[in-house]
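Down below is the structure, laid out as structure tokens.
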Amino acid sequence: MVESGLPTEKRRYSIFHLLWVVPWIALAIDAWAPIGDNSFLWHIRAGQLQIDAGSVLTTDPFSFTKGGEIWLTQSWLADAFYRWGEIHTGLGFVPWMLLAISGLTFVGIGLIAYLANPNPAATALILILATISLLSFLVPRPV
């Protein structure tokens, strides 16, 4: 259709394209919410002990009933990263870390959905359902 002698352009985006933004809004809100995870600060302390010792924890430094017994440290690298982040930014690194890691997760889910069915509506629906399903699991600790 031509108005005023100029051709009108076809609309490139639909409401379903706009819905792709929903997970990012929810993720940003969740990333800056107060930390409710009770083991996150424990991981920072474990990272501090490991950095100070220059080695991975092999004995339990935390409990008074099992102190000194054999300890298996499963997330030593994450613990060290958390301590490094806490030294340099306080806890200011946590929202950005959540945003980056969770964002990559949503990008992966969106790409898989779109490659399986290149329909913007279906991809938007899958991203919204993934957001609802995963939002409570996006916590700042290795799980």
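The values are calculated or read from the model by the stated rules, or taken from the named source; none is laboratory data. Everything quoted here is computed from the prediction, not taken from an experiment. Note that each Cβ is placed from the backbone with ideal geometry, even for glycine, and that neighbours are counted across all protein chains shown. We work out accessible area using only protein heavy atoms, side chains counted, and drop any ligands, DNA or RNA first. Shrake-Rupley method; radii C 1.70, N 1.55, O 1.52, S 1.80 Å.
Odds and ends about this structure:
- Which listed residue is closer than 26 Å to A28 by Cβ, outside any loop (DSSP other than H, G, I, E, B), of a type in the set (S, T, N, Q) and open to solvent by 70 Å² or more (accessible area, probe 1.4 Å), from S136, S102: S136
- Qualifying residue in the stretch 79-86 (condition: hydroxyl-bearing (S, T, Y), closer than 30 Å to Y13 by Cβ, assigned to a helix (DSSP H, G or I) and under 20 Å from the mean Cα position of the chain (by Cα)): no
- Of the residues making up the stretch 124-133, those that are open to solvent by less than 50 Å² (accessible area, probe 1.4 Å) and of a type outside the set (G, A, S) are L127, I128, T131.
- Flag if T73 is β-branched (V, I, T), in contact with a Leu (Cβ under 7 Å, 6 or more places away or on another chain) and part of a loop (DSSP other than H, G, I, E, B): yes
- Restricting G110, G85 to those that are touching a residue at least 60 places away in the same chain (Cβ under 8 Å) and open to solvent by less than 30 Å² (accessible area, probe 1.4 Å) reduces the list to G110.
- Condition met for A80 (among the small types (G, A, S) and either exposed (fewer than 14 other Cβ atoms within 10 Å of the Cβ) or touching a residue at least 40 places away in the same chain (Cβ under 8 Å) (or both)): no
- Residue ranges of helices (runs of 4 or more DSSP H) in the stretch 9-65 with at least 2 members open to solvent by 60 Å² or more (accessible area, probe 1.4 Å) and more than 19 Å from I101 (Cβ to Cβ): 15-19, 40-53
- Residue within the stretch 70-87 that is under 30 Å from H17 (Cβ atoms) and charged (D, E, K, R) present: no
- From F16, F106, residue being at pLDDT below 80 and in contact with a Pro (Cβ under 7 Å, 6 or more places away or on another chain): F16
- Note on the stretch 87-99: residues that are at pLDDT 90 or above, outside any helix (DSSP H, G or I) and of a type outside the set (G, A, S) amount to 0.
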